[in-house]
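The values are calculated or read from the model by the stated rules, or taken from the named source; none is laboratory data. Being a predicted model, the structure only gives us computed values, none of them experimental. All Cβ positions, glycine included, derive from the backbone under ideal geometry; neighbour counts span all protein chains shown. Quick note on the areas: whole protein, heavy atoms, side chains included, nothing else; ligands and nucleic acids left out. Shrake-Rupley method; radii C 1.70, N 1.55, O 1.52, S 1.80 Å.
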Amino acid sequence: MSQIDASDAERTATPIPETHGLTVWAEIDLAALEANVRTLRALARASEFMAVVKADAYGHGLLPVARAAVRGGATWLGVAQFAEAFALRDAGLTTRLLTWLSVPGADFAGAVARDIDLSASAPWVLDEIAAAASELGRTARVHLKVDTGLGRGGAYGADWTTLVEHARRLESRGSVAVVGIWTHFAHADSPEHPTVLAQQERFFEAVTEAERAGLRPEVRHLANSAATLVHPSAHADLVRPGIAMYGLTPVPQVDDDFGLRPVMTLRARLALVKALPAGQGVSYGHAYVPDVDTVVGLVPAGYADGVPRNATNVGPVLVEGRRTTIAGRVCMDQFVVDLGPASQARAGDVVTLFGGAPGEPTAQEWADATGTISYEIVTRLGARVPRLYVGAAGGDA
Ligand SMILES: Cc1ncc(COP(=O)(O)O)c(C=O)c1O
C-alpha cells in the first residue's frame with residue numbers, strides 16, 4: 001500500500017463538485033478533454049479532426065463531450081448509431097457529422113434531413129440512402145467504406161469495385177455525393193504490426209480506383225487514436241480519435257502518455273464502516289476472509305454501475321490516502337474494502353476507483369486487473385451513475 005504524497009495531491013487536486021449524499025459518481029473533466037483534443041490536433045495539424053463520441057462519448061456523456069471537443073478544435077463528430085447522430089443534431093450541434101452503422105429500414109430520411117453524413121459498405125445501403133434523398137429532393141453525403149483487412153465493416157476485394165461503380169451511377173443521378181472514402185485498422189495498437197502498412201497501401205489503392213472511376217472524395221480517412229499517435233503516415237485528410245481524447249492510451253505497452261490527461265474520475269462514498277473479526281468471510285461466497293480483526297468499508301458501487309464483477313479481489317481503489325484492493329465479490333450495487341485494523345475511516349469518506357491524479361488507480365490498471373481494455377472500463381459505466389462536469393466553459397457543468 002502506498003501513501004499519496006499530500007503535496008502532490010494538493011497541487012493537482014481538481015475542485016470536487018458538490019457530491020454530498022451521492023453514493024457513486026463520475027467526474028468528467030471537460031477542460032482535460034479540450035486539452036486532449038488540442039494535443040491530438042497538434043500531432044495531425046494538416047488533417048481535419050473527427051471527435052469520436054459514440055457510445056455516449058465512451059461513457060463520458062454525449063452532448064457535453066461533443067461541445068467540449070468542438071471548443072477544443074474538432075471539425076467533425078463521429079458516432080456509430082443514427083440515434084446518437086440525431087441526438088447531436090437535435091441538441092443544436094451543427095458540426096459536420098458522420099454516422100456509420102445502419103441496417104435495412106434505418107431512418108435514412110431522418111439522417112439526410114438532419115444533414116448527417118452516412119457510411120455505405122454495400123450497394124443496398126446506397127440504394128436506401130438515394131431513395132431517402134430523392135424523396136426529400138436533396139443530395140445525401142456518403143462515405144464509402146473499404147475493408148482493407150480488418151475483416152469487419154466495409155466492402156472487401158471485388159465488392160469494392162462494385163460499390164464504387166454503384167456509387168458513381170447514383171452520383172450521376174444527383175441523389176448521393178461521395179464525399180469520403182474510409183477504412184479502419186485491425187492492429188493500429190501494435191505499432192510494428194505489418195498489417196498497418198499493408199492496410200494503408202490497400203486503402204490508397206482503393207482511393208485511386210474510386211478516383212479513376214470518377215469519384216472526387218473530399219476526405220480520405222483511416223486513423224483512429226493509435227494511428228493518430230504513432231502512425232503519422234496514416235493521418236490523411238482527417239483523423240478519427242476516440243480513446244485518446246478521453247485521456248487514455250490505446251497503446252499501453254508504449255511508455256508514453258503523449259501528454260494526454262484522463263477525463264473521467266470515478267468516485268464513491270463509504271456507506272458503512274464496521275469492525276469484522278478475523279475469519280469472518282466477506283460478501284457473497286465469502287471470497288475474501290480477513291486473517292486478523294479488521295475494519296471494513298462498504299462501497300456503494302457494483303456491476304450495475306459498471307464495476308466489473310471480475311474485479312472481485314483485484315480491483316484497485318484509493319481510500320484514506322492509501323491504495324487497496326476490493327475485498328471479496330463485487331455485487332450488483334456494492335463491494336467491500338478491507339481498511340485494516342487501524343483505519344480511521346468513517347461513513348461518507350470518498351473512495352476513488354480510478355482517475356488520473358497522483359496516487360489514484362487508473363482505468364488502465366482496472367483493465368489490466370480484469371483482463372480487458374480501458375475502453376470497456378469507462379464505456380460500461382452504468383446509466384445510473386451521475387456524470388458531474390468539471391472544468392466546463394459555457395454551461396456544461
Ligand atoms: C470507425 C471508427 N473510427 C474511429 C474509432 C476510434 O477508435 P479509438 O477509440 O481507438 O481512437 C472507432 C472506435 O472504435 C471506430 O469504430
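Summary of values
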read-out	value
Residues of the range 187-228 classified as within 14 Å of the ligand (Cβ to nearest atom) and in contact with a strand residue (DSSP E or B) (Cβ under 9 Å, 6 or more places away or on another chain), total	12
Condition met for Leu248 (in contact (Cβ under 8 Å) with a residue 12 or more places away in the chain and in a helix (DSSP H, G or I))	no
Failed item, numbered, when Gly92 is tested on (1) open to solvent by less than 10 Å² (accessible area, probe 1.4 Å); (2) over 13 Å from the mean Cα position of the chain (by Cα)	(1)
Verdict on Ala66 being assigned by TED's automatic domain parsing to the domain that holds Arg220, surrounded by fewer than 18 Cβ atoms within 10 Å (Cβ to Cβ) and either in contact (Cβ under 8 Å) with a residue 40 or more places away in the chain or among the aliphatic types (A, V, I, L, M) (or both)	no
Failed item, numbered, when Val178 is tested on (1) open to solvent by less than 60 Å² (accessible area, probe 1.4 Å); (2) within 13 Å of the ligand (Cβ to nearest atom); (3) not polar (S, T, N, Q)	(2)
Hey, Gly92 on the phi > 0 side of the Ramachandran plot and of a type outside the set (Phe, Trp, Tyr) or not	yes
Residues of the range 83-121 satisfying the condition of being away from the ligand (no atom under 14 Å from the Cβ) and touching an Asp or Glu at 6+ places or on another chain (Cβ under 6 Å)	Phe108
Test: residue in the range 89-100 that is in contact (Cβ under 8 Å) with a residue 24 or more places away in the chain, assigned by TED's automatic domain parsing to the domain that holds Leu170, in contact with a helix residue (DSSP H, G or I) (Cβ under 7 Å, 6 or more places away or on another chain) and within 27 Å of Leu266 (Cα to Cα)	yes
Scope the range 203-220; condition under 17 Å from Ser233 (Cα atoms) and of a type in the set (A, V, I, L, M); matching residues	Ala206, Val207, Val219
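Per-residue answers, yes or no, for (1) under 19 Å from the mean Cα position of the chain (by Cα); (2) crowded, with 22+ Cβ neighbours inside 10 Å:
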site	(1), (2)
Pro252	yes, no
Pro262	yes, yes
Val307	yes, yes
Ile326	no, yes
